[in-house]
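Asker: Have a look at the structure that comes next, please.
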Amino acid sequence: MTRTDPADILARLIRCPSVTPAEGGALAVLAEVLEPLGFSVARMTASEEGTPDIENLYARLGTEGPHLMFAGHTDVVPPGNVERWTHDPFAATIADGQMYGRGAVDMKGGIACFAAAVARHVERHGPPPGSISFLITGDEEGPAVNGTVKLLEWAAEKGERWDAALVGEPTNPAALGDMIKTGRRGSLSGRITVEGIQGHAAYPHLADNPVRGILQLTQALMHPPFDAGTADFQPSNLEVTTIDTGNPAVNVIPAKATAAFNIRFNDSWTADSLKAEILSRLERAAAEGSLRPGRKPVDWAIAWSERPSHVFLTRNDALTASLSGAIEAVTGRVPALSTTGGTSDARFIKDYCPVVEFGLVGQTMHMVDERVALADLETLTAIYEAFLQRWFGVHAAD
């Protein structure tokens, strides 16, 4: 194995079929890369009733501060119909200057590049003046219960403390150097249920159609807008994602209707204040309407998702300036500092230290023929290596 070659490391990782929750051998490959560099490597399996056991990895080089964490995941989404792939999704085939495979950009590629960058740094300069750790989970693409959350708790209980973290998720929309993620919107989900009275569609006076009520309630959630955005975040946005009655018959008024929704919210809100606003909207809409004129108000209930994601924004000049400077030095681009997109495991890491995200171009993630340009692997490795020098240099000057 060539530890300074990100393409070689990535090929070995892709060939491990680590579809969530399977480890697939990917953590073993990473350990083979890190241990000869001087990392102490620990494997930790986390469990929780009702969810699959997950194997995770924590590795550390050095014993002193400052301490930089690199975080990511080796689990991948299923490949889907493999017959639609140009190349085997777990073969790491190289064609036309690109490596094909599930996880190539999300996010085995980022892991391979950071590992190669550390190997190059150690080869050229020796170990850094501090510590580097890898915090790698196996269920970021799954329920995210037995991965980063429990691995962070496990490491913290053993006395691990971090000064900053970099998550290697694919953050760039079109080209390397486009974007650093310095925060994420919060995410809150729920499901509304409206009870009606089942009946024959030809005799509506004998029934109460819950679809009428669910439409009134969902409309109240989607309009008016929750806010106009803030200086650092785009406007909060709620989408109704399903409406269902479980009714296969076209001539039967259903007994119940449900609607699921998700809102991505900015720093105008907390999960609790947002819940209060949603409940207020639902109460007003239910009081103002009924399933039919002259009937009682809409009878509804709501169930919240158990794990809302909280909004966060990282303001840490040593971290963002070191990464931005490395990106500009290697690519000539000045990256945008963004809070767009979905959630990531950075939402858990932010409770332990400042965290930002930067990785490959994400255009093919989760798609058939997921792939990465070999040139991008080299560029990202160079960025990560330059970042290591700058970040540890800043702290050495303190």
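Here, each number is a calculation from the coordinates, and none is a lab measurement. Owing to the predicted nature of the structure, the values given are computational and were not obtained by experimental measurement. Virtual Cβ from ideal backbone geometry, glycine too; neighbours counted across all protein chains shown.
Asker: Can you sort Lys296, Lys108 by how many other beta carbons sit within 10 Å, fewest first?
Answerer: If I rank by nearby Cβ atoms, fewest first, I get Lys296, Lys108.
Asker: Show me, for the stretch 311-319, the HN-Hα J-couplings you get by feeding each phi into the Karplus relation (A = 6.51, B = -1.76, C = 1.60, θ = phi - 60°), rounded to Hz, glycine and proline as x.
Answerer: Running phi through 6.51 cos²θ - 1.76 cosθ + 1.60 with θ = phi - 60° gives 5, 8, 9, 8, 10, 8, 4, 4, 7 Hz.
Asker: Taking square-rooted eigenvalues a ≥ b ≥ c of the alpha carbon gyration tensor, is the stretch 116-173 rounded, prolate or oblate, where a/c under 1.5 means rounded and, failing that, a/b exceeding b/c means prolate?
Answerer: oblate
Asker: Continuing with the same structure: Can you classify the stretch 1-91 as rounded, prolate or oblate using the Cα gyration tensor, where a ≥ b ≥ c are the square roots of its eigenvalues, rounded means a/c under 1.5, and otherwise it's prolate if a/b beats b/c and oblate if not?
Answerer: Oblate shape, in that a/c is at least 1.5 and b/c is the bigger or equal ratio.
Asker: Rank these for me by crowding, Phe114, Phe39, going from fewest to most other beta carbons within 10 Å.
Answerer: Phe39, Phe114
Asker: Cβ neighbours within 10 Å, averaged per peptide: list 84-96, 242-254, 339-351 in order, most packed at the top.
Answerer: Per-residue Cβ counts within 10 Å, averaged per peptide and sorted highest first, yield 339-351, 84-96, 242-254.
Asker: How high is the FRET efficiency between Glu49 and Glu153 when r is their beta carbon distance and R₀ equals 22 Å, given to the nearest 0.05?
Answerer: Here the calculated transfer efficiency is 0.80.
Asker: A 24 angstrom limit on the alpha carbon distance is what I want to check against. Which of Lys108/Lys158; Lys158/Lys350; Lys108/Lys181; Lys158/Lys181; Lys181/Lys275 exceed it?
Answerer: Lys108/Lys158; Lys158/Lys181; Lys181/Lys275
Asker: Which distance in Å, rounded to a whole number, links the C-alpha centroids of the stretch 66-132 and the stretch 311-336?
Answerer: Cα centroid to Cα centroid, the span is 21 Å.
Asker: Neighbour counts of other C-beta atoms within 10 Å: give me Asp369, Asp317, Asp376, Asp53 arranged from fewest to most.
Answerer: By the 10 Å Cβ count, ascending: Asp317, Asp53, Asp369, Asp376.
Asker: Another one. Compare the peptides 5-16, 205-216 by average per-residue count of other Cβ atoms within 10 angstrom and give them in order, highest first.
Answerer: Top to bottom by mean Cβ count within 10 Å: 5-16, 205-216.
Asker: Magnitude of the Cβ-charge dipole of the chain, K/R +1 and D/E -1, about the Cα centre, nearest 20 debye?
Answerer: In total the dipole reaches around 840 debye.
Asker: Something else: Return the calculated 222 nm mean residue ellipticity for the chain, to the nearest 500 deg cm²/dmol, obtained by summing -39500 (n - 2.57) across DSSP H runs with n ≥ 4 and dividing by the residue count.
Answerer: -9500 deg cm²/dmol
Asker: Additional query: When the chain is treated as a GNM, springs tying every alpha-carbon pair under 10 Å, which of Tyr352, Tyr203, Tyr100 comes out with the largest mean-square fluctuation?
Answerer: The residue with the greatest mean-square fluctuation here is Tyr203.
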